[in-house]
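See below for the structure under consideration.
The values are calculated or read from the model by the stated rules, or taken from the named source; none is laboratory data. As the structure is a computational prediction, the values presented were derived from the model and not from experiment. Here the Cβ positions follow ideal geometry from the backbone for every residue, glycine too, while neighbour counts run over all protein chains shown. The area values use the complete protein model at the heavy-atom level, side chains included, leaving out ligands, DNA and RNA. Shrake-Rupley method; radii C 1.70, N 1.55, O 1.52, S 1.80 Å.
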Amino acid sequence: MFTGLVETTGTITDINRNRIAVETGLASELNIGDSIAVNGACLTVTRLESNTFIADTSPETYSVTSFRTKKKGDIVNLERAAKFNSRIDGHLVYGHIDTTGIITEIKKNNDFIDLTIKFSDEYQNYTVKKGSVAIDGISLTVANEKAGGYITIAVIPHTWDSTALKHLSTGSSVNIEFDIISKYIEKNLNIYHNKSRISLEFLEENGFA
């Protein structure tokens, strides 16, 4: 379990279908068997070499995430597993990537950076304005959404400067994990044939969205 608050970044030193090696100062604080989110994907540390950790990647992880587009020298976001005796300032992130998206626009908006991301519209039901979403492992808020699988994220300067986002460009692939709450709501609505009286308007009126 993670919070979506990136601790630091690292540099990929080796990557293939079966493993990823990341150089980072955080390596000295890791142990074999630790969970670590790499661009939001939950991986297990299997080997440590000086200032580098190595993690295995399953075929599912490789196929679902943006790892298949990454190469040696790329910068990635890193977060160790959350401790539940401290504040969770982001939102609950599982490290299970739902899909990838493509950055279609990066726009400066005063001090903020607006990122527009396109993903398969089959996931559109999992996004809502002002709702949470994890992009490359970063807990962010949806500023706007548009039919067809588009969301816009307003990124504050601190997040932009301290994460790997600043290394991305239009056309870059990013990992997306949608808020788990939306998935549970969808499942229950399907079970009860959408007879629930809960609607987006109801959630907004009662402060849930």
Query - Single condition TYR123 does not satisfy, out of (1) modelled with pLDDT under 95; (2) assigned to a loop (DSSP other than H, G, I, E, B); (3) of a type in the set (Ser, Thr, Tyr) - result: (2)
Requested in this report: For residues that are of a type in the set (D, E, K, R) and within 26 Å of GLN124 (Cα to Cα), tally how many sit in segment 79-100.
Outcome: 2
Query - Flag if ASP89 is open to solvent by 40 Å² or more (accessible area, probe 1.4 Å) and not small (Gly, Ala, Ser) - result: yes
Requested in this report: Tally the residues that are in a loop (DSSP other than H, G, I, E, B) and in contact with a Ser or Thr (Cβ under 9 Å, 6 or more places away or on another chain), restricting the search to segment 88-116.
Outcome: 7
Query raised in the report: So ARG17 fits all but one of (1) open to solvent by less than 70 Å² (accessible area, probe 1.4 Å); (2) closer than 15 Å to SER66 by Cβ; what number is the exception?
Result: (1)
Requested in this report: Output yes when any residue across segment 38-53 is open to solvent by 10 Å² or more (accessible area, probe 1.4 Å) and among the aromatic types (Phe, Trp, Tyr), and no when none is.
Outcome: no
Requested in this report: Look through THR69, THR104 and report the one residue that is open to solvent by 40 Å² or more (accessible area, probe 1.4 Å) and over 19 Å from TYR150 (Cα atoms).
Outcome: THR69
Report summary line: Going through segment 140-182 in order, the residues found to be touching a residue at least 60 places away in the same chain (Cβ under 8 Å), of a type outside the set (A, V, I, L, M) and in contact with a Ser or Thr (Cβ under 6 Å, 6 or more places away or on another chain) are SER173, ASN175, ASP179
Query - Qualifying residue in segment 31-42 (condition: among the acidic types (Asp, Glu) and under 14 Å from the mean Cα position of the chain (by Cα)) - result: no
